[in-house]
Amino acid sequence: MDGLDELRANWLGRIGDASTEAALEELRVAALGKKGEIALKMRELGGMSPDERQVAGPALNALKDEVNSALVAKKVALGDAALDARLRAEWLDVTLPARHRRIGTIHPVSQVTEEVTAIFADMGFAVAEGPQIETDWYNFDALNIPGHHPARAEMDTFYTHRAPGDVRPPHVLRTHTSPVQIRHMEANGAPCRIICPGRVYRADYDQTHTPMFHQVEGLAIDRDISMANLKWVLEEFFTAYFGTKVKTRFRASHFPFTEPSAEVDIQCSFADGTVKVGEGDDWLEVLGSGMVHPKVLQAGGIDPNEWQGFAFGMGIDRIAMLKYGIPDLRAFFDSDLRWLRHYGFSALEVPTLYAGV
Ligand code: DAH
């Protein structure tokens with residue numbers, strides 16, 4: 001058969017010159033595809049005499065194999081070259097300094113909640129939690145605040161919407177953490193020693209009030225718990241929390257859920273417009289407390305003839321502002337990154353008693 005040498009030279013040359021895989025594929029189709037030049041040549045074998053075919057057949061097959069091998073080899077070569085080029089282009093200098101990434105901070109409320117939890121845990125208090133959407137029974141009635149009681153109106157309660165015709169009393173966003181007392185007593189009975197930190201809600205907004213804020217409730221019930229235990233626990237707490245001896249002052253007060261009730265002030269000084277806790281002759285109110293009312297024990301399923309205890313409720317945001325000198329409560333919840341970076345804590349500043357909280 002004539003022209004096989006030229007054919008070979010032509011295809012091997014073109015394959016050698018191909019610079020992309022796509023061009024190589026085009027060459028494969030043009031040479032070996034159904035209508036490719038070599039395939040067409042193969043068809044000519046049919047019209048040949050047996051003698052001619054015996055010579056031309058093997059020669060054509062050999063050419064076909066040779067072109068095929070050349071295509072495969074070139075494909076591998078092109079792939080290698082592409083990889084080399086990529087490796088060269090994607091070169092990375094691992095000795096360059098890392099890009100600066102800002103790290104988030106722990107919010108003062110979270111930090112103080114951890115501090116409070118650590119101090120009370122050291123005195124044997126466990127943490128209890130309850131729902132933020134409460135029935136009005138847990139938020140009010142069980143705490144001896146009946147429907148007509150002024151405390152209900154005073155608390156600026158958020159009520160949930162009820163569909164028309166639904167006569168059930170509405171749920172409320174809990175106005176204090178006190179309902180967790182009831183839930184804990186119901187579930188665990190007496191004796192108990194718990195704190196309940198969490199979010200509470202009241203329709204109020206100014207420099208020291210936001211519609212959502214944080215409280216921590218305390219509850220200790222046993223057979224002979226007294227106001228003296230309450231006073232010791234609170235003084236111990238404030239001294240650990242502020243890192244300095246803090247005197248407390250108990251003022252007779254009234255809460256429906258405690259009898260007797262006391263508001264507790266801590267010793268402080270107001271000098272040059274700043275508050276300093278643990279010194280001076282001024283007093284700052286920080287919490288409400290008292291001996292748990294027998295009706296409240298009963299609502300929680302505990303027999304008031306056998307058990308008694310103290311309870312208290314304190315604003316977490318307020319004691320955070322006092323300890324860390326934060327002037328405006330509203331900024332706590334503005335999510336302003338500059339504020340968070342200034343007042344926030346490093347994730348590694350985990351409060352511990354031995355580190356002075
Ligand atoms: N629940 C009260 C409030 O939100 C605070 C409080 C006062 C809680 C006295 C108590 C308590 O447990 O005994 O204003």
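Take the conditions (1) surrounded by fewer than 17 Cβ atoms within 10 Å (Cβ to Cβ); (2) assigned to a loop (DSSP other than H, G, I, E, B); Ile302 misses just one of them, which is (1).
For segment 292-340, which positions are among the β-branched types (Val, Ile, Thr), more than 13 Å from the ligand (Cβ to nearest atom) and over 14 Å from Leu143 (Cα atoms)?
Listed by number, the residues that qualify are Ile319, Ile326.
Summed over segment 256-267, the residues that are assigned to a strand (DSSP E or B) and in contact (Cβ under 8 Å) with a residue 40 or more places away in the chain give a count of 2. Filtering segment 127-177 to residues that are more than 14 Å from the ligand (Cβ to nearest atom), in a strand (DSSP E or B) and in contact with a His (Cβ under 9 Å, 6 or more places away or on another chain) leaves Ile133, Thr135, Tyr159. If you go through segment 186-208 and keep only what is under 27 Å from the mean Cα position of the chain (by Cα) and either farther than 16 Å from Arg174 by Cβ or surrounded by 20 or more Cβ atoms within 10 Å (Cβ to Cβ) (or both), you end up with Ile194, Ile195, Cys196, Pro197, Gly198, Val200, Tyr201, Tyr205, Thr208.
On the stretch given as segment 305-338, residues that are buried (at least 16 other Cβ atoms within 10 Å of the Cβ) and over 23 Å from Val233 (Cβ atoms) total 4. Of Val172, Val233, Val167, all but one fail to be out of contact with any Leu (no Cβ under 9 Å at 6 or more places or on another chain), in the same structural domain as Val286 (by TED's automatic domain parsing) and under 17 Å from Gly315 (Cα atoms); the exception is Val233. Restrict the check to segment 238-246 and report whether at least one residue is surrounded by 14 or more Cβ atoms within 10 Å (Cβ to Cβ), part of a loop (DSSP other than H, G, I, E, B) and modelled with pLDDT of 95 or more. No, segment 238-246 contains no residue that is surrounded by 14 or more Cβ atoms within 10 Å (Cβ to Cβ), part of a loop (DSSP other than H, G, I, E, B) and modelled with pLDDT of 95 or more.
Only one of the numbered conditions (1) open to solvent by less than 50 Å² (accessible area, probe 1.4 Å); (2) out of contact with any strand residue (DSSP E or B) (no Cβ under 6 Å at 6 or more places or on another chain); (3) in contact (Cβ under 8 Å) with a residue 40 or more places away in the chain is not met by Thr20, and that is (1).
Residues in segment 99-130 that are open to solvent by 50 Å² or more (accessible area, probe 1.4 Å) and farther than 16 Å from Leu219 by Cα: 10 in all.
Modelled with pLDDT under 95, assigned by TED's automatic domain parsing to the domain that holds Val200 and under 24 Å from Val264 (Cβ atoms): does that describe Pro304? Against the criterion (modelled with pLDDT under 95, assigned by TED's automatic domain parsing to the domain that holds Val200 and under 24 Å from Val264 (Cβ atoms)), Pro304 does not qualify.
The values are calculated or read from the model by the stated rules, or taken from the named source; none is laboratory data. Bear in mind the structure is a predicted one, so any value in this text is a computation, not a measurement. When we count neighbours, we look across all protein chains shown, and the Cβ atoms used for this are built from the backbone with ideal geometry, even at glycine. Heavy atoms of the whole protein, side chains included, go into the accessibility calculation; ligands, DNA and RNA do not. Shrake-Rupley method; radii C 1.70, N 1.55, O 1.52, S 1.80 Å.
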